[in-house]
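Only one structure is covered here, and it is reproduced in the block below.
The values are calculated or read from the model by the stated rules, or taken from the named source; none is laboratory data. Quick caveat: nothing in here was measured; it's all calculated off a predicted structure. Neighbour counts are summed over all protein chains in view; Cβ atoms, including those assigned to glycine, are modelled from backbone coordinates with ideal geometry. Side chains included, ligands, DNA and RNA excluded: accessible areas come from the protein's heavy atoms. Shrake-Rupley method; radii C 1.70, N 1.55, O 1.52, S 1.80 Å.
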Amino acid sequence: MQVYGIDLSKEKFDANFIDAKGEEKSLEMKNALASISRFLSSVSEDAILCAEHTGAYGDLLVYLCNQMNVPIALIPGYTIKHSMGLLKGKSDPLDSKRIREYGERFTDKLEYAEYPEENITELKQLYTLRIQLVKQRKTLRTIDKGRGVLPMQSIVVHNHINNVLAELDKEIASIEDEIETLIMADQEMNENYELVTGIIGIGPVIATNLIIKTGNFKIIDTHRRAASYAGVCPFPNTSGKMVGKSKTSPFADKEVKTLLYMGAKAAVKHNKEYKLYYQKKELEGKPYFLIMNNVSNKLLRTIYSVVRNKTPYDKDHVCLDPRERNINSSTKKMA
């Protein structure tokens, strides 16, 4: 097994590896199609690539690795930094060497990256564009509202803002139609979308975001992993005799957590099951945000349950006590 450490940047990437003679080698290449293809063609059959996760800068490398069947693992820079002990100095060749050393030490813990399917990639770009346009629309509305207190207002400026807002409304609606069409064109994606949006509290925006972030519930395939990813899963906080309160991790997807919080608020308001759950926790003296975090976790559990079982959400479903289930099953067997 030959491990390559890759330090990515926008224009180039540095690779560090140990050759067949046991000598350390470093390469510098352009982050472009031709140079990456030549590099991947030259690596050995048992090669493993380890690269620092730098967002879009590594997308082309991951895509080409998948096409050429070269395993590649994307590792957060924070993880690499805090696994190497006290470090001195920093440069691209040095970073690639440290990434290679990490890959060699923790080969058994590497999770190999797969570039999303074409439909997921298209959906992600449309969704991202919609978010950007919605933010621009909100900014313009805020500016226009603030102008309302001025003693003298420009009619020309007001008309221009209204024209831009009208165009933004039109474009956002068009993008939403494109998203809906794209989802409906994929049978599996559409099925999961319908199941998820059937849950009271989960709307089109939350469902679309979850499909993108979880790879249509395939990459993040359990509700426990999704809860950890979204930061709604508490972790223990103990050391020796000190027993602290369990806390959620700050290393989470803040966008997913915010959307789940909004979904939890809607579920508590309109869903009888979740409303009773909220009231029960409130009577126990739990803080508001802790309860809403629990509701978000419960929502994820419901989402993954309906997707896994391919069964629509039933708002009248009553979850029996496990002891009653055992009694009922025993009675059926005796009958």
Mind running the shape call on the stretch 1-139? Use the C-alpha gyration tensor, a ≥ b ≥ c as the square roots of the eigenvalues: rounded below 1.5 for a/c, prolate if a/b tops b/c, oblate otherwise.
prolate
Beta carbons within 10 angstrom, averaged per residue: use that to sort the peptides 304-313, 288-297, 149-158, 162-171, highest first.
288-297, 304-313, 162-171, 149-158
Be a star and scan the stretch 159-196 for residues whose amide nitrogen sits under 18 Å from the point 7 Å along the Cα-to-Cβ vector of Gln125.
172, 174-186
If I stretch the segment between Thr258 and Leu33 completely, what's the gain in nm (0.36 nm per residue apart, minus their alpha carbon distance), one decimal?
77.3 nm
Please list, in chain and number order, the residues 5+ apart from Tyr4 or on another chain whose amide H is under 5 Å from its amide H, with Hs placed from the backbone.
Ile48, Leu49, Cys50
FRET efficiency for Gln187 and Ala20 from the Cβ-Cβ distance with R0 = 41 Å, rounded to 0.05, comes out at 0.25
Before I look further, what does the stretch 218-312 give for accessible area per residue, probe 1.4 Å, in whole square angstrom?
63
How much of the accessible area of the chain, in percent, comes from carbon and sulfur atoms when a 1.4 Å probe is used?
55
Tally the DSSP beta bridges in the chain and give the antiparallel ones as a percent, rounded to 5.
65
Residue separation times 0.36 nm, minus the C-alpha to C-alpha distance between Asn66 and Lys81: what's the value?
2.7 nm
Taking the Cα centre as origin and putting +1 on Lys and Arg beta-carbons and -1 on Asp and Glu beta-carbons, what dipole magnitude results for the chain, to the nearest 20 debye?
1980
Of Thr238, Thr107, which has the most accessible area and how do the rest follow, probe 1.4 Å?
Thr238, Thr107
SASA check, Asp314, accessible area w/ 1.4 Å probe, all protein chains in place, rounded to nearest 10 Å², comes out at 80
Could you pull out every whole DSSP H run in the chain that spans at least 27 Å of Cα extent along its own axis and averages -0.5 or higher on the Kyte-Doolittle scale?
155-185, 288-309
The stretch 10-158, accessible area per residue, ligands and nucleic acids excluded (1.4 Å, Å²):
65
Relative to the present Cα-Cα distance, how much length would full extension add between Asp92 and Val134 at 0.36 nm per residue of separation?
11.4 nm
Ranked order, Asp221, Asp19 - accessible area, probe 1.4 Å, largest first
Asp221, Asp19
So what is the calculated 222 nm ellipticity per residue for the chain, using -39500 (n - 2.57) for each DSSP H run with n of 4 or more, over all residues, to the nearest 500 deg cm²/dmol?
-18500 deg cm²/dmol
